[in-house]
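Presented below is the structure to which this report refers.
The values are calculated or read from the model by the stated rules, or taken from the named source; none is laboratory data. Bear in mind the structure is a predicted one, so any value in this text is a computation, not a measurement. Backbone-built Cβ (ideal geometry, glycine too); neighbour counts: all protein chains shown. SASA here: full protein model, heavy atoms, side chains in, ligands and nucleic acids out. Shrake-Rupley method; radii C 1.70, N 1.55, O 1.52, S 1.80 Å.
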Amino acid sequence: MAMRIRALNNSGIEQLRTYVARLRGGAAAEPPFNLLEDDRFTSELEVDLEIEDQKFATRYALGRFLCERLSALSPGEPDRSAGLWAWLSLFFFDQVCPVSRDGLRRPGQDYRHIPDFGYRYRYRHLLYGPYQVYRRHGGHSVLLLSGTVNSESTLYHEIVSRQDLIANRGVVEATIELYLDRKRGAPKQSCQDPKAPPGSVRRFVRVLQQLDMNYDVYGMSGRDIVRLLPAEFDVWANRGQVDLGL
């Protein structure tokens, strides 16, 4: 089903916020999809864009799709229109907040569905986050954006929650070199587990912060960052060059 993309207005956002609060309270309520084309709760965008309901296997596929579909918008509009992202969240609500086996939806906090553009939560929106990461890093975001649409991986959270890390291409390249299982196109087993061997994801972030005291870590390529890491990371490192053709 194709539909013209719109933006929820303030009243529409409050309707969505109320619905999400009902879900958190244990209600088994269907999404208010009727809002999507209701002139009382939405407004038109500056350009005509259509979107169709489709399933995304990963957040990476979602981010790429959104970047392609929203490319006609003027620069900056996707970064200031909370109503656009709230509308898209409602449109894809069955993916960002699927029904669990017990028949209930578990939406989490509002910022997962209605964006908060402050840095602390901007990447936590389940659609805007993947859109931003893919727009910044393209194919290099394949590992950060692994996993299902309604979830955030430990790797994603550890990197995007730190502005200096998510802004740095070398850091993103290094995560690919260390933690991408290239055969599966997914994170290596246990690399995000707090009980994993030394050199796992959380340790990577801590070591980067330590190294930055003596090296220009954030000016390095991914390959150079990996070479700088202590021996505990050898167990994770892929041999050979970082594949920049993802």
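With q set to 0.09 Å⁻¹, the log10 of I(q)/I(0) for the chain, from the Debye formula over equal scatterers at the Cα positions, is -0.43. Taking the charge dipole of the chain about its Cα centre, with +1 at Lys and Arg Cβ atoms and -1 at Asp and Glu Cβ atoms, the residue from G222, Q15, V201 reaching farthest to the positive side is V201.
State whether segment 158-208 is rounded, prolate or oblate according to the following rule on the C-alpha gyration tensor (a ≥ b ≥ c being the square roots of its eigenvalues): a/c under 1.5 gives rounded; otherwise a/b larger than b/c gives prolate, and the remaining case gives oblate. Since a/c reaches 1.5 but b/c is at least a/b, the shape of segment 158-208 is classed as oblate.
Could you tell me what percent of the accessible area of segment 1-160 is made up of carbon and sulfur, with a 1.4 Å probe and every protein chain present? It would help to have the intermediate numbers written out before the result.
Details: 3170 of 7010 Å².
Its accessible area is 45 percent carbon and sulfur atoms.
Heavy-atom accessible surface of the chain, averaged per residue, reaches 48 Å², computed with a 1.4 Å probe. If only the Cβ of Lys and Arg carry +1 and only the Cβ of Asp and Glu carry -1, the dipole of segment 1-90 around its Cα centre is close to 500 debye.
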